[in-house]
Amino acid sequence: MKTIITACSQNLSGSRASLLATLRTLLAVPWPSQRDVRAWLQLLAVLQWVLSFLLLGTVSLLLLVYLVFTSFWPISALYLAWVIFDWDTPEKGGRRLPCLRRWPVWRHFRDYFPVKLVKTHELSPSHNYIIGSHPHGILCVGAFCNFVTGSTGFAEMFPGIRPSLTTLAGNFRLPLFREYLMSGGLCPVTRRAIGYLLSKNGTGNAVAIVIGGAAESLSCRPGITTLILKNRKGFVRMALQHGAYLVPSFSFGENDLFRQVVFEEGSWMRSIQQRFQKMMGFAPCVFYGRGLTSVRSRGFLPYARPITTVVGEPVTVPKIEDPSRETVDMYHELYVRSLLKLFNENKTKASSWRRKSRWPSR
C-alpha cells in the first residue's frame, strides 16, 4: 500500500511540474501587440469587403439554384417572389440602413490603406448634386469608403448631404448582393434611379458617379492616371435636366492599390476585354494584389497604399428640361476645367498627405 501511495505522489509531483513547465512556456511566448491585432483586424475588414464584392452575388445565385433541387426549394421560391415584388426598389431610392454606414468594421477598412477625405468647399443642403468620382481604379475603394461608409466623416464635413454611390444595374439582379448594396445606399447607374434621387427625394442629395466606368479600369496602373471623360456627357445632361450642381472629386492613390497587366490598344486581348465590357457592363481585368499571409505574397487583396479623396468646388448648373447639345458641351467643359483645377491644386498636397499617412508594410 505504501508503495502505491509513494508512486501516486511521484506521479502527481511529476504532473504538477510538467504543468508548471507548460505554463512557463506559454507565458514566455510573446503575445501579439496592439499594433499586430489592429493590423489583422484591418486585413480582415478588407478581406470581407473584397469577398463580398467578388463572390457574394455569384455564390448566392448558385446556392439558390442548388436549393431548387433539394427539399429546401421553398427558400428559393420565397426569395424569388420577394425579388419580383421588390424589383423596382433599387431605382426608387433603395433601402439604406444607417447602422451599416456606422458599422465599426469600416473604421478598420479605412485605416488599412488609410483613406482620407478632404473638403475644399461647402455643399449647401438646399441643392442637389452629382459628384463625379475619378479615377475608377480596379475596385473604386476611395469612392466606396467615402460615399458609402461613414468612416471618413462625410456627414460631419457636409451636414445635411446624403451621398449615394452608383454602380452597375446588373449587380442589383444578384440575390442577397442587391440587399447588401442597397443597405449601404448604393443605387443603379441608370437615368431612372439617378432621376428619382435628384427630383423626388427632396434636396441635399449627392449622387456619386464614377464617370470613367469599367472602360477606365482597363488603363489603371500605379503612378499613371488615364481618365475617360471627353465623350462622357450623359451625367452633365442629367445635371441640367434636374438643376443639380456638378462637383468634381479625385482620389489620389486609387490606381496604386493593384498591379494590372495592361494590354495595348489594338491588341487582340484588349479587343476581347472591350467587347466583354460592352456586353456585360464590366471589364475582365487581369490584376493582382497582395495575399493574405504577407505583403510579399500575391492575391486579390489591395496593397496598403494611402488614398486621399478631395471634393472640389461645385459648378452651378441651371435647370433646363431639354438642354441643347451646345449647352451640354459648355457645362461639360466647365466641369473638366474644374476637375483639372482641383487636380493641379492638390496633387502636390496629396503627395505630402500620403507620405504622412503611409503605414509600414505588413
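Over the chain, what per residue volume does the convex hull of the Cα atoms give, in whole Å³?
Here the figure is 215 Å³ per residue.
Size of the dipole of the chain about the Cα centre, Lys and Arg at +1 and Asp and Glu at -1 on the beta carbon, nothing else charged, in debye to 20?
1160
Please list, in order, the residues from the stretch 223-253 whose amide nitrogen is less than 17 Å from a point placed 7 Å along the Cα→Cβ vector of K341.
245-250
Does anyone have the angle between helix 268-280 and the longest principal axis of the chain? Alpha-carbon axes, 0 to 90°, nearest 10?
That works out to roughly 80 degrees.
State which entries of K119/K349; K233/K347; K116/K349; K116/K200; K119/K200 exceed 22 angstrom in Cα-Cα distance in the structure shown.
Over 22 Å apart, Cα to Cα: K233/K347; K116/K200; K119/K200.
Of all the accessible heavy-atom surface of the chain, with the other protein chains kept in place and a 1.4 Å probe, what percent is carbon and sulfur?
Accessible surface attributable to carbon and sulfur in the chain totals 62 percent.
Within 10 Å of each candidate Cβ there may be at most 13 other Cβ atoms; applying that plus a DSSP loop requirement, which GluC sites (Glu not before Pro) in the stretch 112-197 survive?
Here the sparse-neighbourhood loop sites are E122.
Farthest toward the dipole's positive end in the chain, which of L100, S249, P302, given Cβ charges of +1 (Lys, Arg) and -1 (Asp, Glu) about the Cα centre?
P302
So how far, in whole Å, is the C-alpha centre of the stretch 228-267 from the one of the stretch 86-164?
After rounding, the separation between the Cα centres reads 17 Å.
For the chain, what is the accessible area per residue in Å², given a 1.4 Å probe and the full set of protein chains?
Ligands and nucleic acids excluded, the result is 54 Å² per residue.
Mind telling me which of T152, T308, T226 comes out most flexible in a GNM of the chain, alpha-carbon contacts under 10 Å?
T226
Between W87, W103, W73, where does the largest GNM mean-square fluctuation fall for the chain, given springs only between Cα atoms within less than 10 Å?
Of W87, W103, W73, the most mobile in the Gaussian network model is W73.
Just in the stretch 212-314: which trypsin sites (Lys or Arg not before Pro) are loop by DSSP and have at most 12 other Cβ atoms within 10 Å?
Here the sparse-neighbourhood loop sites are K230, R296.
Full extension from W87 to T293: what is 0.36 nm times the residue separation minus their Cα-Cα distance, to one decimal in nm?
Extra length available between W87 and T293 comes to 70.1 nm.
Hey, what angle do you get for helix 325-357 against the long axis of the chain, alpha-carbon based, 0 to 90 degrees rounded to 10?
30
Among Y335, Y112, Y79, determine the one that fluctuates most according to a GNM of the chain built with springs between C-alpha atoms less than 10 Å apart.
Y79
Check each of the trypsin sites (Lys or Arg not before Pro) in the stretch 125-208 and keep only those in coil by DSSP with at most 11 other C-beta atoms within 10 angstrom; list them in order. All intermediate terms of the calculation are to be shown ahead of the outcome.
Numbers: sites: R173, R178, R191, R192, K200; in loops: K200.
Counting only loop positions with at most 11 other Cβ atoms within 10 Å, the trypsin sites (Lys or Arg not before Pro) in the stretch 125-208 are K200.
Going 7 Å from the Cα of K233 along its beta-carbon direction, which residues of the stretch 326-344 have the amide nitrogen within less than 19 Å of the resulting point?
Hits in the stretch 326-344 for K233 at 19 Å: 326-340.
Quick check for you: which residues of the stretch 65-99 have the amide N under 16 Å from the point 7 Å beyond the Cα of N201 toward its beta carbon?
Taking a point 7 Å out along Cα→Cβ of N201, the residues of the stretch 65-99 whose backbone N falls under 16 Å are 88-99.
The values are calculated or read from the model by the stated rules, or taken from the named source; none is laboratory data. On a predicted model such as this, the values are computed, not experimentally measured, just so you know. Glycine gets a Cβ as well: all are built from the backbone with ideal geometry, and neighbour counts include every protein chain shown. Note: areas computed on protein heavy atoms with side chains; ligands, DNA, RNA excluded. Shrake-Rupley method; radii C 1.70, N 1.55, O 1.52, S 1.80 Å.
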